[in-house]
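The values are calculated or read from the model by the stated rules, or taken from the named source; none is laboratory data. None of the values given here were measured: they were computed from a predicted structure. We place every Cβ from the backbone using ideal geometry, glycine too, and count neighbours over all the protein chains shown.
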Amino acid sequence: MMTLPGFVAYSGALALAAAIPGPGVTALIARALGSGFRASFFMALGLVLGDLTYLTAVVLGLALLAQTFGMVFLIVKWLGVAYLAWLAFSFWRAGISIAGVKASKGGGAWSSFLAGYVVTLGNPKTMIFYLALTPTIVDLNAVTLADYGVLAAVTIAVLLVVLMPYLVLAARARSLLAAPRALKALNRTAAVFMGGAAAAIALRQ
């Protein structure tokens, strides 16, 4: 059975990972700019379902792998560190561009939801978090069905809390996000968080 510190550690790590602008946040901002709040909200729900899919896969199938193939996870961990460091460098230099956050109008709730789900499943940052970082935070052997329910609820709550400000801001302040100075500040902030996340993962035993 998991302890409270374990849930807190998972919540904090997930919040940090979700707050770093990546493919999912970029897609969400683009949908909000192009289609408004409703469509982007359903996309956010798709993003959340994608995370729950990875969480479920980790809890059900990776406990044995984490023990048997520890070296594989070590390699994935350092690949994750390298990937986040590269993202930090990329965002510091360029990051999200004005063209990258523009999207065509249209798209219903289902298409937005499915788009969010697909984006998460193909997001390397999400894969790295659940495959490399989560096994170092959560004792997969100790996770019970009740623990999984709590982890799922925490995942939903944390992701919605983190994603909603991006969604609301993009839906209501298009001109602000289209300003080069605002985008530069967003990119530099993202770069700092990415670099910090890379360092935290690298230093974690």
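The condition (being at pLDDT 65 or above and buried (at least 20 other Cβ atoms within 10 Å of the Cβ)) is satisfied by just one residue among Met71, Met43, Met127: Met43. Against the test of being in contact with a helix residue (DSSP H, G or I) (Cβ under 6 Å, 6 or more places away or on another chain) and under 12 Å from Leu163 (Cβ atoms), the options Leu49, Leu14 yield a single qualifying residue, Leu14. Of note, Tyr83 does not satisfy the criterion of being part of a helix (DSSP H, G or I), surrounded by 14 or more Cβ atoms within 10 Å (Cβ to Cβ), hydroxyl-bearing (Ser, Thr, Tyr) and at pLDDT 75 or above.
Can you pull out the residues in the stretch 1-14 that are aliphatic (A, V, I, L, M), surrounded by 16 or more Cβ atoms within 10 Å (Cβ to Cβ) and part of a helix (DSSP H, G or I)? Of everything in the stretch 1-14, those that are aliphatic (A, V, I, L, M), surrounded by 16 or more Cβ atoms within 10 Å (Cβ to Cβ) and part of a helix (DSSP H, G or I) turn out to be Ala13, Leu14.
Results for (1) aliphatic (A, V, I, L, M); (2) closer than 15 Å to Ala18 by Cα; (3) in contact (Cβ under 8 Å) with a residue 24 or more places away in the chain, shown as yes or no for each residue.
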{"site": "Phe113", "(1), (2), (3)": "no, no, yes"}
{"site": "Val118", "(1), (2), (3)": "yes, no, yes"}
{"site": "Tyr130", "(1), (2), (3)": "no, yes, yes"}
{"site": "Asp147", "(1), (2), (3)": "no, no, yes"}
{"site": "Val154", "(1), (2), (3)": "yes, yes, yes"}
{"site": "Val161", "(1), (2), (3)": "yes, yes, yes"}
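Can you confirm whether Val59 is under 15 Å from Pro135 (Cα atoms), modelled with pLDDT of 80 or more and hydrophobic (A, V, I, L, M, F, W, C)? Yes, satisfied.
Residues checked against (1) within 15 Å of the chain's Cα centre (by Cα); (2) modelled with pLDDT of 70 or more; (3) not in a helix (DSSP H, G or I):
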{"position": "Gly100", "(1), (2), (3)": "no, no, no"}
{"position": "Gly107", "(1), (2), (3)": "no, no, yes"}
{"position": "Leu114", "(1), (2), (3)": "no, yes, no"}
{"position": "Leu131", "(1), (2), (3)": "yes, yes, no"}
{"position": "Thr134", "(1), (2), (3)": "yes, yes, no"}
{"position": "Asn141", "(1), (2), (3)": "no, yes, no"}
{"position": "Leu163", "(1), (2), (3)": "yes, yes, no"}
{"position": "Leu176", "(1), (2), (3)": "no, no, no"}
{"position": "Ala197", "(1), (2), (3)": "yes, no, no"}
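Test Val158 against the stated conditions and say whether it is modelled with pLDDT of 85 or more and within 24 Å of Phe37 (Cα to Cα). So Val158 passes the test.
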